[in-house]
Amino acid sequence: MHISEGVLSGPVLISGGALAAAGTAIGLKKLDYDRIAKAGILSAAFFVASLVHVPIGPANAHLILNGLVGLLLGWASFPAILVALVLQAMLFQFGGITALGVNTMIMALPALLCYFICSPFLHKKASLALAAAFACGVLSVALSALILGLALVFTEENFFEISAIVIAAHIPVMVVEGFITAMCVAFLRKVQPSMLPGAPES
């Protein structure tokens, strides 16, 4: 779901860059030393998940895993996602350097919102926790597609139809991401519940 170079207008690029910089600064401030390894692993998972992609106009569809990243990292998802996007842009030309701020917002802002919405349910009964995890996967992709669409529309009103196509094309990805996030949360609840946010202190 990267936006390529040369697509967005200057004001959209500047706004995205400023917001991404602010989010990354907060994320780095909140990233404890003990969580750096976890952030690195999740950043790598995000990086790998995005390698297989299908072009759709000025964007593309692929697995994202930003919901899972957000669920486990909270604010730290901003720097984790930014690092992965920088590597993707430099190594594989996915997205671009000028669009880096907007692409970071497209991925990281929904991740953070899903963290606040869904994390309180992860240590409830299993059915509620898995439903919240599934919703996190679906909602993170839906919000990312929506922000991408808004970025295109604010650049040029004629991009409205393309934005609608991009959002519709990600509906299957939303479902797949929901199941992946739910399976990961179910696994962590069994083997390492302390990795999930809001874990009760022992």
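If you roll a 1.4 angstrom probe over the protein chains with everything in place, what fraction of the accessible area of region 120-202 belongs to carbon and sulfur, to the nearest %? Carbon with sulfur: 72 percent of the solvent-accessible area.
With the other protein chains left in place, how much accessible area per residue, in square angstrom, belongs to the chain at a 1.4 angstrom probe? Show your work: numbers first, answer last.
On the way: 9610 Å² over 202 residues.
Per-residue value: 48 Å².
Using Cα atoms only, what is the angle between the long axis of helix 77-92 and the major principal axis of the chain, expressed in degrees (0 to 90) to the nearest 10? Once rounded, the angle reads 50 degrees. Packing, taken as the mean count of other beta carbons within 10 Å per residue, orders the peptides 164-172, 181-189 from highest to lowest as 181-189, 164-172.
Calculated from DSSP H runs of 4 or more alone, at -39500 (n - 2.57) each and per residue, what is the 222 nm mean residue ellipticity of the chain, nearest 500?
It comes out at -23000 deg cm²/dmol, rounded to the nearest 500.
Subtracting the Cα-Cα distance of Leu113 and Glu5 from 0.36 nm times their residue separation leaves 36.2 nm of extension gain. Estimated at 0.36 nm per residue, the fully extended path between Ala22 and Val191 surpasses their Cα-Cα distance by 57.4 nm. Highest-first packing order for the peptide set 139-145, 122-128, 16-22 is 139-145, 16-22, 122-128, based on the mean count of other beta carbon atoms within 10 Å. In the set (1) 25, 23, 19; (2) 28, 18, 14; (3) 24, 20, 17, the label that goes with semi-axes √(5λ) of the Cα gyration tensor in Å computed for this structure is (2).
In percent, how large is the relative contact order of region 10-195, given Cα pairs closer than 8 Å and 6 or more residues apart? Computed value for region 10-195: 24 percent relative contact order. Within the shell of other residues whose beta carbon sits under 13 angstrom from the beta carbon of Arg189, the net charge comes to +3, with Lys and Arg scored +1 and Asp and Glu -1.
The values are calculated or read from the model by the stated rules, or taken from the named source; none is laboratory data. Note that the structure is predicted; figures quoted are calculated from it, not measured. FYI the Cβ positions are ideal-geometry reconstructions off the backbone, even for glycines, and counts take in every protein chain you see. Side chains are part of the model used for accessible areas, which takes the heavy atoms of the whole protein and leaves out ligands, DNA and RNA. Shrake-Rupley method; radii C 1.70, N 1.55, O 1.52, S 1.80 Å.
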